[in-house]
Amino acid sequence: MRFLKTKIYTVLVLLVITLTSESCTDLLDKNPDSNYTFQNFWNSGIEAESGILGIYTQMQSALSRNYAYWGEARGGLLMRDNSSAHAERLTTNVLNSGMSSASWRYLYSWISAANYAIENIPKVEDSGFSPNKRLELMCEAYWARALAYFYIARVWGDAPLVLKPVTSTDEDLSVSKASQAEIFEQIFKDLERASQRMPPFHGVAGDERANRGRATVAALNALYADVYMWLHRYDDALVYLNKITSTSRITYGYVDAVNWGKMFKSETNQAGVANSNEAIFELQYDRTESTTSDMQVLWVGFCDFRLNSTSMDLFETRFIQGDIRVAETIKDVTDPETEVWKYSKGNPSSAYYDNNIIIYRWSDIQLMKAEALKRKQSRDGAGATAILAELRAKRFTGTPPSLGVDVSDMDAVELAILEERAIEFMAEGKRWFDVVRTGRVDQLVNPLLINKITDPNNYFWPISWVEMQRNPNLTQNPYYQSTGE
């Protein structure tokens, strides 16, 4: 099946009116391209589902490129490749409010699409629209809104909390910032609502674009766990990590070593196996549906990023040890200027636009579990290293070398977990969040920076000057008030 319906794009132009879009007056004055408007769209169960699919379209726009800019670039493993001033600012930690990735516009478009669904799906009058299906779609919308606000809370900290769709030009769009704590409180409320009847799967067995490209119970539990990990509530995180299991239509588990690299390739490439058994939730990109992930801008050829000397040394060591991930992640371990080709190896150049962005997969769940076991109140270094050993057994061509870690040395155990995550998730938008979550910025990032991160307020991004102009009730994040950036 086609995961995203063509009609969605027309509908979204009319439905997604946000704090950060062009003015409401301008948008509402435009003549619609069809007979659908935001007032009359929600008339059937089919239209309600189309509205839900539209949320995923907004996710695609928000995270294309930004997944790497927000979650990877400042993590201490990358350097600028091309002449991009944007990439230079990211990898040297000189952020400013003029950077395109300082804008939260597309995240609020995603939130707006979720708000429309939450507001209107309960009102749909359709005798064929079952109560259970209605509730399932609502759960997807709440989950999606929680994920968007989780990005906002980690990237900007305090931010406007918008929970209703904008339906009139008379509404005040100048919303002040809510605190990060208030945003997390709302995230938990949304996750609780999403827990009412989140579907365990979509479609039929084998329909992987639907089953791994839409929110499921497994994706809900993964997000719950991720939020708890961020808040250092490790026992709570373990509860949800342990709930993630296979269903009658979806199998979760490690792929074989020979198939590891194929997870990241475009589905339009015959060698690719996107939506593998490891995938819990990944954004589905397809140029024929007018969505592209822009991997060619980030990683391929004259691109934004390549590995710095620290990560090259790590990958070279792993290559010697027989780690299959090295040859699947970088082109030439002996070339200090080599490119990341996790998404391009074996792909024709025309397929670089179609690679999915994986948000949660099985190895992420297992390594979060290892970290939680190490961090929980009753520390379990042996349990954490057992998970590491199981993962490594799947990632080496032969028997992996011993970890050489004292299971009672919790600091060493955590560093081993972070090293494994660095190898496993290179270029997947995880590294910055990993070092912030574990309090390792000073240890793992600062030694590589001229512009050190010594103020915790510098963990957050500046708010785009465009957003500041549009909303006079916003105040710039504290660190950037002092720097003038």
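The values are calculated or read from the model by the stated rules, or taken from the named source; none is laboratory data. A quick note: this is a predicted structure, and the numbers were derived from the prediction, not measured. Positions of Cβ are backbone-derived with ideal geometry, glycine not excepted, and every protein chain shown enters the neighbour counts.
Structure above, values below:
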item: Matching residues in segment 441-477 - criterion: being aliphatic (A, V, I, L, M) and part of a loop (DSSP other than H, G, I, E, B); result: Val445, Leu449, Ile450, Ile453, Ile463, Leu474
item: Which numbered condition Glu420 misses (of (1) farther than 21 Å from Ser311 by Cβ; (2) free of Cβ contacts under 8 Å to residues at least 60 places away in the same chain); result: (1)
item: Test for Val204: is it surrounded by fewer than 18 Cβ atoms within 10 Å (Cβ to Cβ) and either of a type in the set (Val, Ile, Thr) or in the same structural domain as Ser378 (by TED's automatic domain parsing) (or both); result: yes
item: Residue in segment 273-286 that is surrounded by 22 or more Cβ atoms within 10 Å (Cβ to Cβ), within 30 Å of Lys331 (Cα to Cα) and of a type in the set (Asp, Glu) present; result: yes
item: Residues satisfying the stated conditions in segment 301-330, i.e. among the aliphatic types (A, V, I, L, M) and buried (at least 21 other Cβ atoms within 10 Å of the Cβ); result: Leu307, Ile330
item: Qualifying residue in segment 461-481 (condition: assigned by TED's automatic domain parsing to the domain that holds Gly383, more than 28 Å from Tyr360 (Cβ to Cβ) and modelled with pLDDT of 95 or more); result: no
item: Qualifying position, being touching a Cys at 6+ places or on another chain (Cβ under 9 Å) and of a type outside the set (A, V, I, L, M), among Glu414, Glu339, Glu316; result: Glu339
item: Any pair with Cβ under 7 angstrom, 6 or more apart, that starts in segment 376-399 at a residue that is assigned by TED's automatic domain parsing to the domain that holds Val255 and ends at one that is surrounded by fewer than 13 Cβ atoms within 10 Å (Cβ to Cβ) and of a type in the set (S, T, N, Q); result: Gly381/Ser408
item: Failed item, numbered, when Ser112 is tested on (1) surrounded by fewer than 18 Cβ atoms within 10 Å (Cβ to Cβ); (2) out of contact with any helix residue (DSSP H, G or I) (no Cβ under 6 Å at 6 or more places or on another chain); result: (1)
item: Residue among Phe460, Phe433 that alone is out of contact with any Pro (no Cβ under 6 Å at 6 or more places or on another chain), surrounded by 19 or more Cβ atoms within 10 Å (Cβ to Cβ), within 21 Å of Ala384 (Cβ to Cβ) and not β-branched (Val, Ile, Thr); result: Phe433
item: Meets criteria (outside the structural domain of Asn356 (by TED's automatic domain parsing) and in a helix (DSSP H, G or I)) for Glu419; result: no
item: Residue match in segment 365-379 (condition: farther than 22 Å from Asn221 by Cβ and in a helix (DSSP H, G or I)); result: no
item: Residue satisfying condition, being under 24 Å from the mean Cα position of the chain (by Cα) and surrounded by fewer than 19 Cβ atoms within 10 Å (Cβ to Cβ), within set Leu367, Leu415; result: Leu415
item: Of the criteria (1) under 27 Å from Ile365 (Cβ atoms); (2) among the β-branched types (Val, Ile, Thr); (3) not in a loop (DSSP other than H, G, I, E, B), which one Val273 fails; result: (3)
item: Wholly within segment 39-143, helices (runs of 4 or more DSSP H) carrying at least 2 residues that are small (Gly, Ala, Ser) and at pLDDT 95 or above; result: 45-63, 66-71, 105-120
item: Condition check for Ser246: polar (S, T, N, Q) and over 21 Å from Ala205 (Cβ atoms); result: no
